[in-house]
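Novice: Below is a structure I'd like to ask you about.
The values are calculated or read from the model by the stated rules, or taken from the named source; none is laboratory data. Here the structure is a predicted model, which means the values were calculated and not measured. Reconstructed Cβ throughout: ideal geometry from the backbone, glycine too, with neighbour counts over all protein chains shown.
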Amino acid sequence: MTYIIALPCVDVMDKSCIEECPVDCIYEGDRMMYIQPDECVDCGACEPVCPVEAIYYEDDVPAQYSEYKEVNAEFFDELGSPGGAAKVGRVGKDHPVLLQIQKKPTVE
């Protein structure tokens with residue numbers, strides 16, 4: 001089992017979860033963060049610090065976000081398990097599902 005980052009993270013990317021993660025398994029895409037399922041140790045440290053409540057334990061993902069289980073896993077199909085997000089840096093791409101989601105307006 002692992003933790004999942006879902007839709008509320010899109011275009012927010014607060015990064016509090018990255019700072020809290022003891023194993024550096026949260027990777028930065030272009031519009032949202034992703035948890036590498038093979039690197040996550042299920043500690044749950046990331047979940048309570050997320051300001052938009054976008055992180056869920058895999059068995060607790062609400063039905064409306066169920067596709068994000070696959071989104072998180074498939075994001076790593078090409079990237080694999082690099083062994084730490086810090087050394088990879090921002091990946092600069094997202095899962096194709098995010099192409100269907102309109103960008104949230106920015107406040108100026």
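Novice: Applying the selection to region 39-57, what residues are closer than 13 Å to I26 by Cα, among the β-branched types (V, I, T) and part of a loop (DSSP other than H, G, I, E, B)?
Specialist: Within region 39-57, just V41 meets the criteria.
Novice: All but one of (1) in a loop (DSSP other than H, G, I, E, B); (2) buried (at least 22 other Cβ atoms within 10 Å of the Cβ); (3) of a type in the set (A, V, I, L, M, F, W, C) hold for I4; which doesn't?
Specialist: (1)
The rows are residues; the columns are (1) touching an Asp or Glu at 6+ places or on another chain (Cβ under 8 Å); (2) farther than 14 Å from D94 by Cα; (3) surrounded by 19 or more Cβ atoms within 10 Å (Cβ to Cβ); (4) among the charged types (D, E, K, R).
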| residue | (1), (2), (3), (4) |
| --- | --- |
| D11 | no, no, no, yes |
| E28 | no, no, no, yes |
| D42 | no, yes, no, yes |
| A54 | no, yes, yes, no |
| A63 | no, yes, no, no |
| Y68 | no, no, yes, no |
| V71 | no, no, yes, no |
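Novice: So, in region 30-40, how many residues would count as being within 20 Å of D11 (Cβ to Cβ), touching a residue at least 40 places away in the same chain (Cβ under 8 Å), buried (at least 22 other Cβ atoms within 10 Å of the Cβ) and not aromatic (F, W, Y)?
Specialist: Total meeting the criteria: 1.
Novice: Are there any pairs, at least 6 apart or on different chains, whose C-beta atoms fall under 8 Å, with the first in region 49-66 and over 14 Å from Y34 (Cα atoms) and the second exposed (fewer than 11 other Cβ atoms within 10 Å of the Cβ) and at pLDDT below 95, and if so, which?
Specialist: D59/M1
Novice: Within region 82-105, which residues are under 21 Å from S66 (Cβ atoms) and at pLDDT 90 or above?
Specialist: Applying the first criterion (under 21 Å from S66 (Cβ atoms)) to region 82-105 yields 94-102.
Hits for region 82-105 are D94, H95, P96, V97.
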